[in-house]
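One structure below.
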């Protein structure tokens, strides 16, 4: 089976001032940089989870044959509810989670995390400078654990309640810790 990535993209981006996911970084929409990192890193399909009525028409990659969009009917419940919506729609193994607002993750990091998950058959969390980041990869056999958890939980909470051990995978990529919350966070 081919790998799949879930990209939670249903947040409001209030601290950013709106339109965060289509803000340009080196002439490319933020959301496209995130998707490209996943595809170039070896993910076969990407599921982008959006809010009801959201439009990312400036994105060039959302219309690609390897990218699918789904809607989180109630994103006010938090990012985990978007992860659940994506996992419910996703078919693939392993499953990779990368929030849309993390455009600085290198594709080689995605490939390393994906490969580690395939070889280890466990949840893989990248670690840079002693801190855990994204993307996270897990075997599709754990999808039910994610779907059964409360929507107001977290991925970390779902793993903990099911007593699923995460493997920390050292990477040389500060992008695994770098999300975009404000306009100042866009600077390369």
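Relative protection proxy for 30-40, 168-178, from highest mean packing down: 30-40, 168-178 (other beta-carbon atoms within 10 angstrom).
Rank these for me by crowding, 25, 136, going from fewest to most other beta carbons within 10 Å.
On the way: 25 15, 136 25.
By the 10 Å Cβ count, ascending: 25, 136.
Compute the Cα gyration tensor for the range 1-106, then decide on rounded, prolate or oblate, letting a ≥ b ≥ c be the square roots of its eigenvalues: rounded whenever a/c is under 1.5, prolate when a/b is larger than b/c in the other cases, and oblate in all that remain.
On the way: a/c = 1.72, a/b = 1.12, b/c = 1.53.
Note, shape of the range 1-106 comes out oblate.
By the count of neighbouring beta-carbon atoms within 10 Å, fewest first, 77, 60 end up ordered 60, 77. For the chain, the mean residue ellipticity at 222 nm estimated from helices alone is -7500 deg cm²/dmol, where every DSSP H run of n ≥ 4 contributes -39500 (n - 2.57) and the total is divided by all residues, rounded to the nearest 500. Each of residue 108 and residue 76 was given a label point 7 Å from its Cα along the Cα-to-Cβ line. The distance between the two points is 4.5 nm. Ordering 73, 185 by the number of other Cβ atoms within 10 Å of each residue's own Cβ, fewest first, gives 73, 185. By the gyration tensor of its Cα atoms, with a ≥ b ≥ c the square roots of the eigenvalues, what is the shape of the chain: rounded for a/c under 1.5, prolate for a/b over b/c, or oblate? The shape class here is rounded. The antiparallel fraction among DSSP beta bridges confined to the range 1-133 stands at about 25%.
Throughout, read-outs are computed from the coordinates displayed, never taken from laboratory work. The model shown is predicted, which means the values in this text are computed figures rather than measured ones. Neighbour counts are summed over all protein chains in view; Cβ atoms, including those assigned to glycine, are modelled from backbone coordinates with ideal geometry.
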